[in-house]
Amino acid sequence: MAQAFATLLAILRICVVLCAVTPEARAATETPGQTYKFGVITLNHPLVIYQQYQPFMDFLTARQAWRFELVLEQHYGAIVDRLEAGTLDIALLAGRTFLQARERTPLVPICAVTGLDGTPTIRSLIVVREDRADIRSLADLKGRRMAFGSPDSTASHLAPLDFLRRQGVGLADFARWDNLGTHDAVARAVLRGEYDAGAVGEPMALRYLGSGLRVLAATPPFPGFIIVARADVPAAVREALRDALLSIDPDSPEVAALSTRWNEVLRHGFVPVDTAVYEVFRGMEERMGLAPHGRDGAAGMP
């Protein structure tokens, strides 16, 4: 399975290079130093991520003078490694991954991604099947099977762990708990009845709510996704990208029509970013006894 997943990612990377822009745009901008690699973690199936992020890359490329090549990575750590190595120029990062990357690589924040409520925040949702009348409160999760996403995930691991603990539910209270990798994997496993509940980031959970899953509880809002660039990306490129993102009006007819093809994370606009707010995740790590920023060991165990 892992080998098949890796093969699919490799194929998609080739497709991204071939399809990044139209032939006319490529001819106009095909000069050395004008292509910048934009990294995204595969929060769900890589083919789905490609289909939802490539139209957004095309949108950005059409609005300034440089091309953006989409790079998909299966693991959070790979994004950080590539930023450090210089084989990735720009990345969409969640809070904990941003802190980790910033410690290893000089980064320049571009903007924050706006959530459903119009602020640069998201929430984690604890979801159960709609037919689970026996689970009506967080206390009902004790003795049950719980699914989380990647141990490096902010919205499907760190934030919900911290929230549950503050509500009196710790990992030791579950009959079983596992890290399943992606948000979609968590949602599908709960739908199949393999787990009694799961933790999913709010943007990624929307497609499942009302289609078999319901929300048992939601965390308070916390800082959401951030777009960053390596410090050695030319200032003109960073500024053009920032201007292009901040100028996006999600309510305009043009954007509203196009954004139906974009991933849920990208549909609500972008705002200037205050990187100080991401320090909240240091407190979460300390409360959970986690090593700083994803260094929890090979198994990712708290």
Worksheet entry | Hits in region 71-121 - residues which are buried (at least 21 other Cβ atoms within 10 Å of the Cβ) and of a type in the set (Lys, Arg) | Arg96
Practice prompt. Considering only region 167-252, give the helices (runs of 4 or more DSSP H) lying wholly within it that have at least 3 residues that are within 23 Å of His157 (Cα to Cα).
Written response: 183-191, 202-205
Fill in: Selection within region 176-223 - crowded, with 20+ Cβ neighbours inside 10 Å, of a type outside the set (A, V, I, L, M, F, W, C) and modelled with pLDDT under 95
Gly181, Thr182, His183, Asp184, Gly201, Glu202, Pro203, Tyr208
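Please enumerate the residues belonging to region 245-268 that are among the small types (Gly, Ala, Ser) and crowded, with 20+ Cβ neighbours inside 10 Å. Step through it out loud before you land on a result.
Looking only at region 245-268, we keep the residues that are among the small types (Gly, Ala, Ser), and these are 247, 252, 256-257, 259.
Within region 245-268, just Ser259 meets the criteria.
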Item to complete: Of all residues in region 269-286, count the ones that are surrounded by fewer than 16 Cβ atoms within 10 Å (Cβ to Cβ) and in contact with a Cys (Cβ under 9 Å, 6 or more places away or on another chain).
Response: 2
Item to complete: Run down Arg96, Arg102 and say which single residue is among the basic types (Lys, Arg) and more than 20 Å from Thr42 (Cβ to Cβ).
Response: Arg102
Worksheet item: Which of (1) outside any helix (DSSP H, G or I); (2) crowded, with 19+ Cβ neighbours inside 10 Å; (3) not assigned by TED's automatic domain parsing to the domain that holds Ala78 does Arg132 not meet, given it meets every other one?
Response: (2)
Practice prompt. Scan region 268-289 and give yes if some residue there is among the hydrophobic types (A, V, I, L, M, F, W, C), touching a helix residue (DSSP H, G or I) at 6+ places or on another chain (Cβ under 6 Å) and under 22 Å from Tyr36 (Cα atoms), otherwise no.
Written response: yes
Worksheet item: Quick one: what pairs do we get from region 180-198, first residue over 14 Å from Asp131 (Cα atoms) and assigned by TED's automatic domain parsing to the domain that holds Leu216, second modelled with pLDDT of 95 or more and among the aromatic types (Phe, Trp, Tyr), C-beta under 9 Å, 6+ apart or different chains?
Response: Leu180/Phe148; Leu180/Tyr195; Val186/Phe148; Val186/Tyr195; Ala189/Tyr195; Gly198/Phe148
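The values are calculated or read from the model by the stated rules, or taken from the named source; none is laboratory data. On a predicted model such as this, the values are computed, not experimentally measured, just so you know. Virtual Cβ from ideal backbone geometry, glycine too; neighbours counted across all protein chains shown.
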